Amino acid sequence: EVAEQGVVRNIREPKLVDRELGVVGIYPLGSEEPKAVLVNFAMHAETLWEENKKITADWPGYMRRYLEKWSGAKLAIFFNGALGAMVTVDNQLDEQGREVHDFKEAERVGRAVAETALKALYSGARLRSPEMIFAKRIFYLPVENPLYNLFAHTPKITRKFYWGNFQTELNYLRLGDWELFTVPGEAYPKLGFSLKDKLSARYKWIVGLANDELGYLLYPEDYYNPLYSYEVSVSFSPHYGGALLDLNAGNLLLAVKKASLSKSSK
């Protein structure tokens with residue numbers, strides 16, 4: 001887990017933060033130096049905030065740079081977690097009490113995350129030739145946002161609609177005691193924690209913004225919470241987007257479990 005202060009915060013609900021950081025190192029046989037390092041963490045890459053006019057990788061760019069240097073890996077890759085509404089950087093304050101949004105601050109945060117990742121890399125379990133399980137579920141979610149339905153008939157939205165529904169997908173990967181689950185948008189922490197609870201492995205990854213971007217994914221009870229008025233305005237369904245996603249996740253994992261049991265019984 002990252003430090004309680006100075007790395008990540010939840011602007012909407014301060015106590016609802018997933019500080020767990022996941023790391024996977026990929027090692028050639030017989031080597032103590034990883035060829036690649038994968039990092040999973042729930043935090044927007046927006047240290048520089050809206051004032052920035054430059055194209056930048058923000059804090060993940062610095063995290064990758066430090067992690068590659070310290071671990072010897074040729075490549076470090078960052079995977080978003082459940083960072084929706086509104087999980088962001090815990091910026092330091094200047095002498096006037098204003099948040100700092102510059103490249104030096106982005107480097108500070110990236111380095112802090114890299115330090116935590118490096119510790120996790122060297123303390124994790126080693127897996128040799130683990131069994132791989134992969135599953136995918138394609139399903140449809142209703143579009144109840146009137147703006148989305150309006151723009152569906154214009155060039156503003158180029159994706160296909162299916163009688164008022166979006167087609168989207170979930171993906172599941174298991175390697176030994178590591179599970180990875182993809183989410184097609186910006187799931188907020190409540191949904192992220194719920195999805196993690198459905199996983200059974202020791203190491204659990206929720207990868208957000210994966211293979212799709214359906215906006216913010218919330219549970220029904222929070223669509224009417226004033227805290228989330230912005231998120232609701234750009235979400236595809238104000239009633240049960242998060243609940244349907246959770247349901248489909250459960251169905252996918254149940255199918256995987258049944259297939260695994262059938263295979264082992266044979």
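Worth pointing out:
- Of residues in the stretch 153-177 being open to solvent by 30 Å² or more (accessible area, probe 1.4 Å) and hydrophobic (A, V, I, L, M, F, W, C), the one nearest to GLY81 (Cα to Cα): LEU173
- So GLY25, is it free of Cβ contacts under 8 Å to residues at least 60 places away in the same chain, open to solvent by less than 60 Å² (accessible area, probe 1.4 Å) and on the phi < 0 side of the Ramachandran plot: no
- Of the residues in the stretch 87-99, at least one is open to solvent by 50 Å² or more (accessible area, probe 1.4 Å), within 30 Å of TYR223 (Cα to Cα) and not aromatic (Phe, Trp, Tyr).
- Residue match in the stretch 127-139 (condition: under 28 Å from VAL256 (Cα atoms), out of contact with any strand residue (DSSP E or B) (no Cβ under 8 Å at 6 or more places or on another chain) and either modelled with pLDDT under 90 or open to solvent by 50 Å² or more (accessible area, probe 1.4 Å) (or both)): yes
- Qualifying residue in the stretch 29-37 (condition: open to solvent by 10 Å² or more (accessible area, probe 1.4 Å) and either assigned to a helix (DSSP H, G or I) or closer than 28 Å to LEU227 by Cα (or both)): no
- Within the stretch 53-73, considering residues that are among the small types (Gly, Ala, Ser) and more than 19 Å from the chain's Cα centre (by Cα), the one most open to solvent (accessible area, probe 1.4 Å): GLY72
- Note on the stretch 178-189: residues that are in contact with a Phe, Trp or Tyr (Cβ under 6 Å, 6 or more places away or on another chain) and either open to solvent by 10 Å² or more (accessible area, probe 1.4 Å) or over 19 Å from LEU83 (Cβ atoms) (or both) total 3.
- For LEU16: the one exception among (1) assigned to a strand (DSSP E or B); (2) surrounded by fewer than 20 Cβ atoms within 10 Å (Cβ to Cβ): (1)
For (1) farther than 19 Å from PRO220 by Cα; (2) touching a Lys or Arg at 6+ places or on another chain (Cβ under 7 Å), each residue gets a yes or a no:
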site	(1), (2)
THR154	yes, no
PHE166	no, no
LEU170	yes, yes
LEU173	yes, no
GLU179	yes, yes
VAL183	no, no
GLU186	no, no
LEU191	no, no
LEU195	no, no
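- Considered as a group, the residues in the stretch 193-219 that are open to solvent by 40 Å² or more (accessible area, probe 1.4 Å) and in contact with a helix residue (DSSP H, G or I) (Cβ under 8 Å, 6 or more places away or on another chain) include one that is nearest to PHE41 (Cα to Cα), and that residue is LYS204.
- Within the stretch 140-169, considering residues that are aliphatic (A, V, I, L, M) and in contact with a strand residue (DSSP E or B) (Cβ under 8 Å, 6 or more places away or on another chain), the one nearest to VAL24 (Cα to Cα): LEU141
- Selection status of GLU105, part of a helix (DSSP H, G or I), over 27 Å from TRP178 (Cβ atoms) and either open to solvent by less than 30 Å² (accessible area, probe 1.4 Å) or not basic (Lys, Arg) (or both): yes
- For the stretch 218-235, the count of residues that are of a type in the set (Gly, Ala, Ser) and within 12 Å of the chain's Cα centre (by Cα) is zero.
- Condition check for ALA117: in contact (Cβ under 8 Å) with a residue 60 or more places away in the chain, assigned to a loop (DSSP other than H, G, I, E, B) and over 30 Å from GLY164 (Cβ atoms): no
- Pair list, Cβ < 6 Å and 6+ apart or interchain, from the stretch 162-177 residues that are farther than 18 Å from TYR240 by Cα to residues that are of a type in the set (Gly, Ala, Ser): TYR172/ALA135; ASP177/ALA201
- Filter result for ALA76 (open to solvent by less than 70 Å² (accessible area, probe 1.4 Å), assigned to a strand (DSSP E or B) and either free of Cβ contacts under 8 Å to residues at least 24 places away in the same chain or small (Gly, Ala, Ser) (or both)): yes
The values are calculated or read from the model by the stated rules, or taken from the named source; none is laboratory data. For clarity, every value in this text was computed on a predicted model and none was experimentally measured. Positions of Cβ are generated from backbone atoms using ideal geometry, with glycine treated the same way; all protein chains shown enter the neighbour counts. Quick note on the areas: whole protein, heavy atoms, side chains included, nothing else; ligands and nucleic acids left out. Shrake-Rupley method; radii C 1.70, N 1.55, O 1.52, S 1.80 Å.
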